[in-house]
Amino acid sequence: MKLDDDDFSLFGLPARFAQDGAEIAARWKALAAKVHPDRFAADGAASQRLAMQWALRVNEAHQRLRDPLKRAAYLCELRGAPIQAHENTRMPTAFLMEQMEWREGLDEAQGAAAVMKIDDEVAARERALLAQAGRQLDDDQDPAAAAETVRALMFIHRFREDLDRRLETET
């Protein structure tokens, strides 16, 4: 293992979108135990600092690998198609229209049931886009198309946060 290994190599996993969440968790647990700073307490300050770096690296990799959106974005970057979410906000017109409809629906929603109905629709769209990103990355080997899909998923993620906040006020 090297600190600069990519997350998949670090965890001994194939570099693909489709992953088994339980396998990611098991490998994280094993790696975290292997590099935990307490294991190096008797080896001195330098060994403990290195163990802290490893523990941080393992935890960061775990955060990226266990979250499908972060994993997709990371794969795009590894394959030469960085997301550039702040620089590239272009979206297809149909997706922008869909976003506007959801926002208008949320503005007009009366009560938690109406908000939850929108959330169900958005969650279904999110699942479909995650599946699309997986196909683009694993089957089509098209990281540029996947990067566009990931940017759309990031919009949806932010909107779902708005839905969650709205649901908190409705209950």
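Summary of computed values
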quantity	calculated
In sequence order, calculated HN-Hα J values of segment 159-169 (Karplus, 6.51, -1.76, 1.60; Hz; x Gly/Pro)	5, 5, 5, 4, 4, 4, 5, 5, 5, 4, 7
Total formal charge among the other residues, if their Cβ is under 14 angstrom from that of residue 141, Lys/Arg +1 and Asp/Glu -1	-1
Label point distance in nm, residue 127-residue 157, each placed 7 Å from Cα along Cα→Cβ	2.0 nm
Rounded to the nearest 20 debye, dipole of segment 93-170 from Cβ charges on Lys, Arg, Asp, Glu	100 debye
For the chain, alpha-carbon Rg relative to the globular expectation (2.2 N^0.38 Å, N residues)	1.27
Residues listed by number, segment 121-143, amide nitrogen under 11 Å from residue 79 label point at 7 Å toward C-beta	133-143
Fully extended contour minus Cα-Cα distance, from residue 47 to residue 138, at 0.36 nm per residue	28.9 nm
Inter-site label distance for residue 90 and residue 170 at 7 Å from Cα along Cβ, in nm	3.6 nm
Relative contact order of the chain, pairs being alpha-carbon contacts under 8 Å that are 6 or more residues apart, as %	24 percent
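Rule-based calculations on the coordinates, nothing more; no lab input. Because the structure is predicted, anything quoted here is derived from the model rather than measured. A quick note on method: Cβ atoms are made from the backbone with ideal geometry, for glycine too, and the neighbour counts reach across all protein chains shown.
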